[in-house]
Each structure stands twice: as structure tokens, then as C-alpha cells.
Amino acid sequence: MVDPKEEIVEHLSAMRAFAMSLTRNSALADDMVQDALVKAWTKIDTYKPGTNMRAWLFTILRNTYYSHHRKARREVADVDGEMAASLAQKPDHDGRLQMRDFNRAFDQLNDEQREALVLVGAGGFSYEEAAETCGVAVGTIKSRVNRARKQLVEILQMSDDEVMEATDIVTTGIVTNQKNVA
């Protein structure tokens, strides 16, 4: 049997992808993953060997995100845009405009739908694992994923024969099974 402390390392990239989808900010995503890992490491004795490590870690990460989100509501916004202006921009590449449109559409989904899409679509979780992570019924996850994908297609005004150029693994996983991905 694999040592739980060693198994944590196997899930780092998936945790970062999930954190990126929740925060849409790489620095904040890295902080969330680090905080979740510290919590997991200090509470490793509460992990039950033989159970789903990835679901356990994603639950910790999800709870960390929601705690941060609650605290952030009490913080003062960047009204003058000074902080936003200091952020780096990724270089231009093919599909940049489509990704921007996708990100805007993705941002219009509610938190539960975004979370379900990322877990099932990009994270590779089964509906059962995603339901366990979110603490809801399997049917609820299936419904959230289905409604979210339909809403994305509507917002993006895509036709059935249209191909979406996905430039990252998260987007590919989210739109897969709903649209063709280039």
C-alpha cells in the first residue's frame, strides 16, 4: 500500500488545475493549493488509507477556496485598478480570442456549475467522486454539468458543426462531450 504522504504528490497538478478554475488567478491558485496541502499534511492522520485520496484533497481545497471567498467579501476592492494593471498578460497565441470568450462565458456560470464542470470535465473525476467531493447527490452533479454545458453553448452562440479551439487541458475537459475540440 502506498504511503498517503507520498500519494499526495501525485495529485498536485490536478489540484492546481482545479484551483485555477475556481480562482482564475495563478498566484491565488498556487496559494490555495499550498494552504490545502499544509492542511492535508497536518491532518494526514485523519485520512483513511484505502479511500479516495484525490477526493479527500479536493474537498480540502474546495473548503479552502470557500473560506478564502468568504474572507475576500470583506476586503476592499481594487477600485482604481492599480493592482489589475500590474498583472502580467500571457503572450498572444492562436485561439486567444476564443479563450477570452470562453472565459467570459465560464465566468457567467454559477459557482456550483463551474465546480462540477471542472471536477468532471477537466479533473477526470467520475460523477460519483465529484458528488462526494461536493457533498451532493450524483444526480445533482450530472444536472449541474449538463446545465452548465448547455449554458456555455448558448452564451457562446455555437452551432452543432462549430469547432471550439481549446488551448488548455481544463477547457478541453470542460467542452469535451459537448462540442468538438481542436
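Yes or no, residue by residue, for (1) open to solvent by less than 50 Å² (accessible area, probe 1.4 Å); (2) closer than 18 Å to MET99 by Cβ; (3) at pLDDT below 90; (4) not small (Gly, Ala, Ser):
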site	(1), (2), (3), (4)
SER126	yes, no, no, no
THR133	yes, no, yes, yes
ALA137	no, no, no, no
SER143	yes, no, no, no
ALA148	yes, yes, yes, no
GLN157	no, yes, yes, yes
MET164	yes, yes, yes, yes
ASP168	no, yes, yes, yes
THR172	yes, yes, yes, yes
Hey, does segment 99-112 have a residue that's modelled with pLDDT under 75, in a helix (DSSP H, G or I) and in the same structural domain as GLY135 (by TED's automatic domain parsing)? yes
If I ask for residues that are more than 26 Å from ARG114 (Cβ to Cβ) and in contact with a Lys or Arg (Cβ under 7 Å, 6 or more places away or on another chain), which ones from segment 42-68 would you list? ILE44
What are the pairs with Cβ atoms under 9 angstrom where one residue, in segment 43-55, is without any contact (Cβ under 8 Å) to a residue 60 or more places away in the chain and closer than 12 Å to VAL2 by Cα and the other, located anywhere, is in a loop (DSSP other than H, G, I, E, B) and β-branched (Val, Ile, Thr)? Sequence gap at least six, or different chains. PRO49/VAL2; MET53/VAL2
Hey, any hits in segment 47-65 for a residue that's more than 23 Å from SER126 (Cα to Cα) and either in the same structural domain as GLU112 (by TED's automatic domain parsing) or not acidic (Asp, Glu) (or both)? no
Could we say that GLY81 is modelled with pLDDT under 80 and either within 17 Å of SER21 (Cβ to Cβ) or open to solvent by less than 40 Å² (accessible area, probe 1.4 Å) (or both) here? yes
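The values are calculated or read from the model by the stated rules, or taken from the named source; none is laboratory data. On a predicted model such as this, the values are computed, not experimentally measured, just so you know. Reconstructed Cβ throughout: ideal geometry from the backbone, glycine too, with neighbour counts over all protein chains shown. Surface areas here come from the heavy atoms of the whole protein model, side chains and all, with no ligands, DNA or RNA. Shrake-Rupley method; radii C 1.70, N 1.55, O 1.52, S 1.80 Å.
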